[in-house]
Amino acid sequence: MHIPDGFLSPQTYLPAYAVAAGAWAWAAHGLRDRLDETTVPRLAMLTALAYGLGLVMVPVPGGTSGHMLGIALLALIFGVRLAFLSYSLVLLIQALLFGAGGITALPINALAIGLVGATTAVAIKWLLARINETAAVAIAAWLSVMLPGAIVAVALGIQPLIAHQPDGTPLFFPFALEITLPAVLIPHLAIGVGEAVLTVLIWRYAKSRKWCA
Amino acid sequence: MSPRAWLVTYLIAVVATTFVHEPALLGATLAVALAAAGGGRWKLLRRTLVAILVFNLTVSLGYIAVALWHGDFNPDYLLLVNLRVLLLVFLGMWFAARIDPIAAVSGVSPSLTFVATLTLGQLRSFERIVSDFALAFASRNPAPPRLIDRAHHAAAQGIALMDKTMAAATESALAMRSRGAFDD
């Protein structure tokens, strides 16, 4: 899902970096107190897992790519702050080592997938767990794909409006919202189902091992 | 230059690139970057092209189709956006090949550097296990596997991955603890 380098204007990614910097500072506050010999290997393992899922990318017409995220799993086990940090780390590694995503797109990708995705997963699971915990995890995982997808689509779709030549030719991403929203969200309806199934399977296993916070 | 200086230079170059909207200038900058990248330039360029090819092709073909439909096709835009993406990704590949990114950011947060280092170790373990599972699955399925078989394989693989990487990560963490990594 995440946006590659070169398609976001400075008017978008520079303010996004300012917002993301605040979010990263909030997430990292007191981090050392929360990392111990039990938490660190679990966090590293699930960060690697999220990275592995994110490597399998399918280009989607309209300007982005589809792949599993793993953010719901990270958030349900470690909470929003650690999930956000570890997913930001995944995005940084992908950008610097594999040219996937990118430095200019990092704050939007991190805020959309890492922060909004993690917050959505935890909030939905908390709201629905009293009814049916497995269904709550599945819905949380599905929405943790769809909401970030919508944000990514909006970030791309507003580029022709905010960065264009005097004659209207786009300078960065060329497609407007009427293309990016369906192009991103329709494939992710199915990708989200895959994410939900995988998250439930692994979350159950993690719960049986008492890994969940 | 120190890893930190490389990082700062790379970030400045990335931001500057996004303010350039002249294909000729972007092309000249790419030529300079290629010349400066040294002996590994063609390998880096090949990796860059592989990384961006499918995505940029999708966007470019989509743009051509939509712009021709609307009657406002502009070839300069295609040149601009593809050169910009190529340059940005090449700069990233060059930076990562030249400098250990973990070393470059190590002073920012010792805790995050610690997690990042452990994660990179996990990635290696993860890739090896995935490769082993894929080979084993292929050898057991001379005919194309059914969807349910693939699902069972994925579930078994996920659990095996977690067990193995958890064990490896725990060993690493305990080893680091024994060396005082968690001491204040």
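All of the numbers you see were taken from the coordinates with simple rules; none came from a lab. Quick caveat: nothing in here was measured; it's all calculated off a predicted structure. All Cβ positions, glycine included, derive from the backbone under ideal geometry; neighbour counts span all protein chains shown.
Inside 10 Å of the C-beta atoms of B:88-96, what's the mean count of C-beta atoms belonging to other chains? Display every interim value, and only then the final one.
Working: counts 10, 9, 1, 2, 11, 4, 0, 2, 6.
Mean number of neighbouring Cβ atoms from other chains: 5.
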- Using the Karplus curve 6.51 cos²θ - 1.76 cosθ + 1.60 with θ = phi - 60°, work out ³J(HN,Hα) for each residue of the range B:30-39 in order, rounded to whole Hz, and write x for Gly and Pro. 5, 4, 5, 5, 5, 5, 7, 6, x, x
- Query: Using alpha carbon centroids, what distance separates the range B:22-43 and the range A:162-181, in Å?
  - Reply: 27 Å
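Over the range B:3-103, what relative contact order in percent results from Cα pairs under 8 Å that are six or more residues apart? Don't jump to the answer; show the numbers that get you there.
Numbers: 53 pairs, mean separation 53.9, N = 101.
Dividing the mean separation by the residue count of the range B:3-103 yields 53 percent.
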- If you count, for every residue in A:89-95, the Cβ atoms of partner chains within 10 Å of its Cβ, what is the mean? 3
- Query: If we sort A:192-204, B:59-71, B:120-132 on the protection proxy, mean other Cβ atoms within 10 Å, highest first, what's the order?
  - Reply: A:192-204, B:120-132, B:59-71
- In whole percent, what relative contact order does chain B give with Cα contacts below 8 Å and a gap of six or more residues? 27 percent
- Query: Nearest 0.05, what FRET efficiency do A:I186 and B:E171 give at R0 = 41 Å with Cβ-Cβ as r?
  - Reply: 0.40
- Message: I'd like the mean, over residues of B:68-77, of how many other protein chain beta carbons sit within 10 Å of each residue's own Cβ.
- Response: 2
